[in-house]
1. Which order, highest average first, do 360-369, 64-73 follow once you tally other Cβ atoms within 10 Å for each residue and take the mean per peptide?
2. Residue by residue through segment 357-364, what is 3J(HN,Hα) from phi via Karplus (6.51 cos²θ - 1.76 cosθ + 1.60, θ = phi - 60°)? Round to whole Hz and write x for glycine and proline.
3. Would you kindly derive the ³J(HN,Hα) couplings of segment 262-269 from the backbone phi angles with the Karplus curve 6.51 cos²θ - 1.76 cosθ + 1.60 (θ = phi - 60°), listing them in order in whole Hz, with x for Gly and Pro?
4. Give the separation of the Cα centroids, segment 159-198 to segment 347-380, in Å.
5. What is the dipole size for the chain, taken about its Cα centre, with +1 at each Lys and Arg Cβ and -1 at each Asp and Glu Cβ, in debye to the nearest 20?
6. Scan around residue 50 for amide H atoms under 5 Å from its own, H built in the peptide plane at 1.01 Å from N, and keep only partners 5 or more places away or cross-chain.
7. Taking the 0 to 90 degree range and rounding to the nearest ten, how far is the long axis of helix 302-316 tilted relative to the main principal axis of the chain, both from C-alpha atoms?
8. Once neighbouring chains are kept in place and the probe is 1.4 Å, which whole percent of the accessible area of the chain is contributed by carbon and sulfur?
Amino acid sequence: DALQALATAVPAGDFMDHIEFMRSCISSTASAARHRVGPHQLQLTNGELILPLFTLPKSLDPLYTILLHGLMNGSVTVREIAAEAIGDLANFAEVSVLKPLLIKTTGPLIRVVGDRFPSSVKAAILQTLCVLLDKGGASLKAFVPQLQTTFVKALNDPSREVRTRGASALGRLMPLSVRVDPLLTELTALVLKAESTAIKISVLDAIGTVMSMGGTKATAAALESTKSALLKALMEEDESIRASAASSLSKLVWFLEPAAVMDAALDLVEAKSSGGAEHWTQLCGRLQGLGAVLQGASQQILDVREEAFIALLQGCRDERATVNAAAVSALVMMLTIPTVGKSVNSSSSALAAVVDARRADLRSAGQATVHAFANALSSLALSGGSSEIKTKAMLAIKQASKFFFGAAAQHYKEFLPPLVASLKEIDLRVKYSAERALKHLCEGITTAEAASGVAPGQSALLTQYLTGLSSGTSNASAAEKEAAVVVRDFMRRVMPGLPAESDNEGDN
């Protein structure tokens, strides 16, 4: 009541100079509530913090009146802070309290983000729109056409932050969209005509996000045209473009019909060259594309999978480091079970639903990949030509141990030597990658044995192997005995202190 009386008595324009202070107070209150135990904190089951004040009906009205005035009429700085504060309030409010204000708030946000304001203002508004979509859901369905136009336009912005948030927002919009085909057509056209490498990458990433969240809504014709655009992007000279195209293709493949998947695999297995030897960038693109196709459809293309495996093995053994890196990146993709980012509601994800339905196929394909490439990965992790290749090879070993631990446990004698050697590396990224991979390998062996009846928390297989290397009667070399000591010490002192998941398990 006091807030409402204040907002009524004082003109909204008089608060312009105090909006930053208002946001600071909101953030401070939230921080204090988050770290205080007691009845003043409302913690929902999903870990979302709700401030007690914003559980009361109409408690947001006076604050939103002030902030919306700042958003529409303030300076550039005030508009940015007002947009961020609107998002903060939405985050800390119960949905029932926020819902009456959704329509009133979303319209002004769309109008301002469409004007010629600096990227910082646009980024703040896009972030707030993401929050409103997360909280409001179906209440914003009437705004879908305007929001889609706004988010696609953001993909052409010079600022990477704006482009990234635009792509993320498109993903959040998919549960509300009835038809995805027009959006895919528009994004495909943008990929083909984009002159800037950075913008092309952002649009490719947006296609992947759209497929993850709305792939089941796309028709076969739209999927086919999108596939063709991604295959073309795989042949680009820029490595980052190829990586983004492969990532998006790996999401699209899950929604293709088997015949379309087979066509894509055949296109990638066969070298496409206008004459003479295949250019190394095209080879790298083909290898990354094969990784994308094999991740989600390995069991659907058994007729050409052996040829694909041969091409990837040749890539691992190629004399060119760039080709090695592309082949290992493909293997990392093949050994990773797709997940939806933490910032997106996985229950709304079309990709998550498809992956769950095909777990058995995914398991079988992953196991086949581990068995086929264990030697190649061990060799590259031990003596790869660069730190990048070693790191990627150990990432592949880690993913194999994490997602397909039964198969990885059968190759522990091959995986241990390069991981132990990398623990002594001066390069911290290589060392950290080795620690993560060794942790997951040891845990994977233990899990695999627990499934076979070994007592939880123990690994008879690994213990016997290490004991055998260390024994005086062992024929093991001095290096192998030293490795056994290092692994024992790692399991006892280092491994318990490592987090269960790194900040980005896909990177290290």
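1. Numbers: 360-369: 18.4, 64-73: 21.5.
Ranked by mean Cβ neighbours within 10 Å, highest first: 64-73, 360-369.
2. Each residue's phi maps through the Karplus curve to give 6, 10, 4, 5, 4, 5, 5, 4 Hz.
3. Using θ = phi - 60°, the values come out as 4, 4, 5, 4, 5, 4, 7, 5 Hz.
4. So the separation of the two Cα centres works out to 27 Å.
5. Numbers: 48 positive and 49 negative charges, 123 e Å.
The calculated dipole for the chain is roughly 600 debye.
6. Placed amide hydrogens put 42, 44 under 5 Å from residue 50.
7. Its long axis makes an angle of about 80 degrees.
8. Working: 12350 of 22860 Å².
C and S atoms contribute 54 percent here.
The values are calculated or read from the model by the stated rules, or taken from the named source; none is laboratory data. Model, not experiment: these values are computed from the prediction. Glycine also receives a Cβ, built like all others from the backbone with ideal geometry; neighbour counts cover every protein chain displayed. Remember, those area values only see protein heavy atoms, side chains included, never the ligands or the DNA or RNA. Shrake-Rupley method; radii C 1.70, N 1.55, O 1.52, S 1.80 Å.
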